[in-house]
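Everything below concerns the one structure shown next.
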Amino acid sequence: MTVTLTRMPAAVEPVSTRRGARWRLPIGLGLFGFLASFAGSWIPSFWGDEAASVMSAERTLPSLFGMLKNVDAVHGFYYLFLHFWIQAFGPSELSVRLPSAIAVGFVVAGTFVLGRMLFTRNVGIAAARICAVLPRTSYMGADARSYAFSTAIAVWITVLFLMLLRNKFSSTVSRRLAWLGYAVAVTIGIYLFLYLGLLLFVHGVFLDTARSYRHHQKYWLGAAALAVTLAIPILAIGYSQRGQIAFLAHAPNVRELVQRIQTALRGRVAEIVFVDDSNDDTPTVIGQVAAEAEIPVRLIRRDQPVGGPSGAVLVGLAESTSDWCIVMDGDLQHPPEVIPVLLSSGIDQDPDIVVASRHVNGGSSEGLSGRLRHLVSASATVLVRAMFPTRLRNCTDPMTGFFAIRRCAVDLDSLRPRGFKILLGILAHNTITVIEEPFVFGHRHAGESNAVNKVKPQENDPAIW
C-alpha cells in the first residue's frame, strides 16, 4: 500500500477581513459607551446651560451671528451645529443630547485604541470600560453642550499624533496630508473648546522627551503653528468676551454674604442693596440669591459707572430712605458679623459715622496678602492723615471701606466720588463726629463687589442702609 502526503497551502485571510476584525472591538466598546451615556438622556428637563444651548441654536442665523459678536463666541461652533441638528430632528431633550452620547462612543473607542497603542490590548479594554462608566463621562454624554465633542477630538487627535510618530503613513504625500489633518483637527477642537489648545503643549513635551521621535519635531512645529494661526480669531474673540464669565467668581460671595448678613441681623427688619457696575451675569446671580433670601435683597444696576466704587456707594446712599447705612465690600473681607457692633455703637453713642478700623486695639490687617500690600496700606494711611490732620484726628483707618454712616449728617450732593476711598472723601469734606470699632480684615474670597446694606427700623432701632 502506498501512502502519499501532500502539503496544502495555508488559507490566507484577506487583508480587509483582518482590518475589519481589528476594528470590531473598538466599535463594540464605543457602542457600549454610547448606550451608557444615552440611557435616561430623554428625561426632562434642560438645566441652565443646556437651555442656553437650545435657545441660542433656535435663533435665526443672522440673530445667532449677531449674538456671538457680543457673547458666547467660544460656543459658536457648537451652536451652529446644533442649529441645523434641531432643524432636522427637533429640540427635545432626547434629540439635542443624542449627539453628545454619540461623541462619548467615539471617546470610549478612542480610549481603547490609545491603550492598545501605548500598552496592550487588555489595557485598552480596561481603560475603555472604565472611561465608559465614569460619572464625568456619563455627564458629558447626557449634556447638550460641546464637551463630549471636544473630548472625542482630543482623544482621536492623540491617536493620529501617535500614528504619525510611528510612521504609519508610508508615502511622503500621505504623511504631509496627515500632519495637515492634525493641524485642522486641533483648530476645530480649539473652536469647540479653547483650552483644547493646551493639548499641543502636551504633545510637544512628549515629543521632546521621547528621543526616538525627535526627528518629527519640525513637522509637528509646522502643524502646531498652523493650528494656532487658524485659531487666532476665536482666541481673540474669546479674550475680548472674557468678562461674561466673571460672574462665576461672584456667585459664592453673594450667597455667603447674604446668609451671613441674615444671621448677623436676625430679629431686625433688613434689606440688602447691591450696586452693580459689571457687564456680566452678576445680576442673575443676585436675583437667584434674592429669591431664596429671608430678607429683601435689592439690586441697583448702573449702566455708566460714574465715580467708580465711590460713586456706587453714593448711589446706594441716595436710594436709601432710612437714616443709618452700613457700607461694605462684597468680597467677605469685611465680616458681616461686625455689623451689629457698628449699629450698637451708633445707637448708644450717637456719632455721625462708626468706622470699622483695622488699626485700633483688637483690629488687624491680616487679610492683606504679602508684606508689600501691608506696607502700601500703612504708608497711605500715614500720608492721608498727615494731609488732613484736623478732619482725621479721630479716625485711625480713613482708607477702610467698612463703616456705618448717619445719612442726614452728610451732604451727598457736595461729594465728588472718585475711585475706592469714599470714606476719606466724606471725612475730608464734612465736619462730623467719628467713633471706631475694631475689626479683622479677612482674606479675599472669589472676586470682588460692593454692597450697601440696610436695616429698616423696628420700634426704637435706627435703620441701617
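Miscellaneous remarks
- Rounded tilt (10° steps) of 198-209 against the dominant C-alpha axis of the chain: 60
- For the chain, the solvent-accessible area with a 1.4 angstrom probe is 52 square angstrom per residue.
- One equal scatterer on each Cα of the chain, no solvent, Debye formula: the resulting log10 I(q)/I(0) at q = 0.06, 0.11 Å⁻¹ is -0.45, -0.96.
- Set of aspartates and glutamates near K421 by C-alpha distance (under 12 Å), chain-local residues within fewer than 8 positions excluded: D329, D397
- Axis of helix 308-319 versus longest Cα principal axis of the chain: the two differ by about 60°, to the nearest ten degrees.
- Shape category assigned to the stretch 100-250 from the gyration tensor of Cα positions, a/c cut at 1.5: oblate
- The stretch 200-228 and the stretch 45-105 have their alpha-carbon centroids 34 Å apart.
- Net lengthening on full extension, V205/R373 (0.36 nm per residue, minus Cα-Cα): 56.7 nm
- Amide H contacts of E271 (H built 1.01 Å from N, under 5 Å, at least 5 apart or other chain): K454, V455, K456
- The 1.4 Å probe gives accessible areas that order H216, H443, largest first, as H443, H216.
- Take the Cβ atoms of T263 and A318, set R0 to 30 Å, and the FRET efficiency comes out at 0.60.
- Helix 370-387 axis, angle to the chain major axis (alpha carbon atoms, nearest 10°): 30
- Once backbone amide H atoms are built at 1.01 Å from N, F403 has V327, A356 as its partners under 5 Å, excluding neighbours fewer than 5 places away on the same chain.
- Percent carbon-and-sulfur accessible area, the chain, ignoring ligands, DNA and RNA, probe 1.4 Å: 61
- Net dipole in debye of the chain [+1 Lys, Arg Cβ; -1 Asp, Glu Cβ; about Cα centre; nearest 20]: 3200
The values are calculated or read from the model by the stated rules, or taken from the named source; none is laboratory data. The model shown is predicted, which means the values in this text are computed figures rather than measured ones. When we count neighbours, we look across all protein chains shown, and the Cβ atoms used for this are built from the backbone with ideal geometry, even at glycine. Only protein heavy atoms, including side chains, enter the accessible area calculation; ligands, DNA and RNA are left aside. Shrake-Rupley method; radii C 1.70, N 1.55, O 1.52, S 1.80 Å.
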